[in-house]
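Before any comments, here is the structure.
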Amino acid sequence: MSDALNVIIERDTYDSILYAVLGGLLLLSTYHLVLYFQNRDKSYLLYSSYTFFSFLAYMPVAESGFLHDLSQYLHFDYRSKQFFTIIFNCIYFLFFTRFLNIKRTNPKWNQIIVIPVYFYLIITVSSYVLLKFGNEFVFNFLYKVFIYFITIHTVISFYLLIKLDNNLKYYIIIGGVILYLCCMIGEETVRNLPSLMITKKMGDFIFFAGLIVENMAFSFALGHRQRNIYREKVAFSKNFIFEMRKNEQLKDKINLQNEIKLSAENEKMKWQQEISDLKLAILQTQMNPHFIFNALNSIKYYILDNDSENAVFYLTKFSKIIRTILVSSTIKEFTLEEELQTLQVYVDIENLRFNKEISFNILIDEKINSEELKLPPMVLQPFIENAILHGIALVEDKKIDLHVVTKDQHIEIRIIDNGVGRKEAERNKIRHKNLGKSFGTKIAAGMLKNYFWPKPYKIEYHDLHQNGQPTGTMVVLEIPAC
């Protein structure tokens with residue numbers, strides 16, 4: 001019966017079976033490659049590689065037809081069959097570790113399985129390259145060792161798989177064991193044992209049968225995994241719908257709370273804005289009398305000196321300032337253009353007192369539209385007043401420069417004087433008590449804070465020096481650009 005089966009396989013059906021199996025392997029390789037591109041799951045790519053190298057390993061076995069001619073063209077021979085056999089067996093270990101996701105569940109077991117395989121792959125490829133250059137010893141040795149290596153490694157790997165908590169392992173173990181046994185029977189050193197004495201073609205047929213069983217096992221495993229994935233998706237969808245309903249209810253509750261909170265916040269902002277406007281109005285009423293007092297003080301000098309012409313001229317300028325003060329007490333803001341015009345009138349008035357000795361220069365960055373930029377009315381005047389009274393009043397060459405420039409997302413207003421400096425000004429206040437305390441700059445700081453709230457503003461004072469000697473003061477006001 002055995003002899004008859006050998007005759008049927010070797011004489012009548014071997015080529016047909018070989019072509020059917022190789023065609024099936026090529027089809028499986030292509031199918032799983034397509035699955036890889038659809039799912040981006042590397043287990044499909046590895047199985048595609050496994051079946052493709054199995055196909056390459058048994059191409060040289062074909063004795064006629066297209067595959068025989070292709071093998072001859074590619075110079076595939078018995079050595080090529082041995083090389084590709086090692087390759088596809090090694091890839092199989094990489095495939096099932098990825099398919100069962102052993103790396104995530106137990107990284108140590110994954111290393112035990114894959115590291116020896118990578119090592120054997122590297123030395124096999126290297127020895128095959130040496131074989132092509134005429135050195136057969138290393139490759140022959142590795143192929144003889146391969147049977148022992150694959151046996152030991154299969155036992156270790158499947159022992160670890162048995163301990164793995166994954167039901168898909170049974171498909172891999174059953175299919176893998178059957179394929180391993182069939183593959184070993186097909187090997188020359190095994191099939192020529194006295195107890196077996198199996199021909200080469202019968203050994204190939206046995207391997208083909210094992211390959212079919214292994215592929216069926218993988219197909220069942222794939223179906224099992226797809227069923228598990230489907231169940232997980234259904235459970236996820238149900239849970240997702242449930243969570244969505246809960247989220248909708250929570251969303252409605254949060255929206256109601258947000259509406260209440262927003263209403264409260266709007267009411268709070270409304271009151272804060274009204275308080276801010278009230279503070280600004282109060283600060284303006286504090287500042288204006290302070291300025292009027294200083295202006296009237298200047299008029300007093302001309303009245304006492306019986307200089308009626310300058311006193312009249314001074315009063316004309318003063319009336320213009322008074323109108324500006326009356327306007328500023330009823331509005332919240334000036335344009336930069338209006339503010340600078342007011343400063344010019346103020347300096348003109350002070351210049352009468354100093355016999356027109358004050359040089360006042362205004363420089364505006366061309367990027368700034370002075371008719372659109374807004375700020376609190378009369379807010380810069382206290383800084384000019386300070387520069388005059390406590391800075392340049394005691395020097396001969398009196399000079400004040402006002403520069404308005406852009407800096408990052410802010411507007412920077414620099415007031416630079418060539419006065420005696422802040423330290424000397426403090427000493428003068430102590431010596432001359434009639435100079436009094438300067439409340440104007442504090443009032444101006446409060447106006448800026450309330451006008452630009454909640455946006456930030458900044459006031460900085462810088463002492464200027466040359467050769468270690470004070471040469472004046474620079475006040476820098478940084479305000480929002482809009």
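Computed values, structure above
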| read-out | value |
| --- | --- |
| PRO60 out of contact with any strand residue (DSSP E or B) (no Cβ under 7 Å at 6 or more places or on another chain) and assigned to a helix (DSSP H, G or I) | no |
| ASP463, sole failed condition from (1) open to solvent by less than 30 Å² (accessible area, probe 1.4 Å); (2) at pLDDT 90 or above | (1) |
| Condition check for VAL117: over 28 Å from LYS163 (Cβ atoms), without any contact (Cβ under 8 Å) to a residue 60 or more places away in the chain and surrounded by fewer than 22 Cβ atoms within 10 Å (Cβ to Cβ) | no |
| Matching option when the condition is at pLDDT below 80, in contact with a Lys or Arg (Cβ under 7 Å, 6 or more places away or on another chain) and surrounded by 10 or more Cβ atoms within 10 Å (Cβ to Cβ), among LEU262, LEU280 | LEU280 |
| From the options PHE207, PHE218, PHE236, PHE240, residue that is modelled with pLDDT under 75 and either in contact with a helix residue (DSSP H, G or I) (Cβ under 7 Å, 6 or more places away or on another chain) or loosely packed, with under 14 Cβ neighbours inside 10 Å (or both) | PHE207 |
| Every pair of residues 6+ apart whose Cβ atoms lie under 8 Å, when the first sits in segment 349-378 and is under 13 Å from THR406 (Cβ atoms) while the second is among the aliphatic types (A, V, I, L, M) and open to solvent by 20 Å² or more (accessible area, probe 1.4 Å) | ASP365/VAL405; ILE368/VAL405; SER370/ILE364; LEU373/ALA481 |
| Candidate set from segment 321-344 (those that are of a type in the set (A, V, I, L, M) and buried (at least 16 other Cβ atoms within 10 Å of the Cβ)); member that is farthest from the chain's Cα centre (by Cα) | ILE321 |
| Flag if ILE112 is open to solvent by less than 20 Å² (accessible area, probe 1.4 Å), touching a residue at least 12 places away in the same chain (Cβ under 8 Å), of a type outside the set (S, T, N, Q) and under 15 Å from ILE156 (Cα atoms) | no |
| Residue in segment 45-54 that is touching a helix residue (DSSP H, G or I) at 6+ places or on another chain (Cβ under 7 Å) and either surrounded by fewer than 16 Cβ atoms within 10 Å (Cβ to Cβ) or not in a helix (DSSP H, G or I) (or both) present | no |
| Flag for ASN351 being under 17 Å from PHE383 (Cα atoms) and exposed (fewer than 14 other Cβ atoms within 10 Å of the Cβ) | no |
| Residue in segment 136-159 that is under 49 Å from the mean Cα position of the chain (by Cα), over 18 Å from ILE87 (Cα atoms), at pLDDT 85 or above and open to solvent by less than 80 Å² (accessible area, probe 1.4 Å) present | yes |
| Residue that is nearest to GLY210 (Cα to Cα) [pool: residues in segment 56-75 that are of a type in the set (Phe, Trp, Tyr) and surrounded by fewer than 21 Cβ atoms within 10 Å (Cβ to Cβ)] | PHE66 |
| Any hit, segment 360-375, residues being part of a strand (DSSP E or B), under 19 Å from PRO470 (Cα atoms) and open to solvent by less than 30 Å² (accessible area, probe 1.4 Å) | no |
| Out of ASN6, ASN39, sole residue that is open to solvent by less than 40 Å² (accessible area, probe 1.4 Å) and at pLDDT below 85 | ASN6 |
| Search result, residues across segment 57-83 that are among the hydrophobic types (A, V, I, L, M, F, W, C) and either over 24 Å from ALA221 (Cβ atoms) or touching a residue at least 40 places away in the same chain (Cβ under 8 Å) (or both) | MET59, VAL61, ALA62, PHE66, LEU67, LEU70, LEU74, PHE76, PHE83 |
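Okay, residues lined up against (1) surrounded by 20 or more Cβ atoms within 10 Å (Cβ to Cβ); (2) under 21 Å from ASN351 (Cα atoms); (3) acidic (Asp, Glu); (4) at pLDDT 85 or above:
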{"position": "ILE384", "(1), (2), (3), (4)": "yes, yes, no, yes"}
{"position": "GLY391", "(1), (2), (3), (4)": "yes, yes, no, yes"}
{"position": "VAL395", "(1), (2), (3), (4)": "no, yes, no, yes"}
{"position": "ARG414", "(1), (2), (3), (4)": "no, yes, no, yes"}
{"position": "LYS429", "(1), (2), (3), (4)": "no, no, no, no"}
{"position": "LYS442", "(1), (2), (3), (4)": "no, no, no, no"}
{"position": "PRO456", "(1), (2), (3), (4)": "no, no, no, yes"}
{"position": "CYS482", "(1), (2), (3), (4)": "no, no, no, no"}
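Residues checked against (1) over 19 Å from HIS465 (Cβ atoms); (2) in a loop (DSSP other than H, G, I, E, B):
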| site | (1), (2) |
| --- | --- |
| ALA387 | no, no |
| GLU412 | yes, no |
| VAL420 | no, yes |
| GLU424 | no, no |
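The values are calculated or read from the model by the stated rules, or taken from the named source; none is laboratory data. Being a predicted model, the structure only gives us computed values, none of them experimental. Note that each Cβ is placed from the backbone with ideal geometry, even for glycine, and that neighbours are counted across all protein chains shown. Surface accessibility is based on the protein's heavy atoms, side chains included, excluding ligands, DNA and RNA. Shrake-Rupley method; radii C 1.70, N 1.55, O 1.52, S 1.80 Å.
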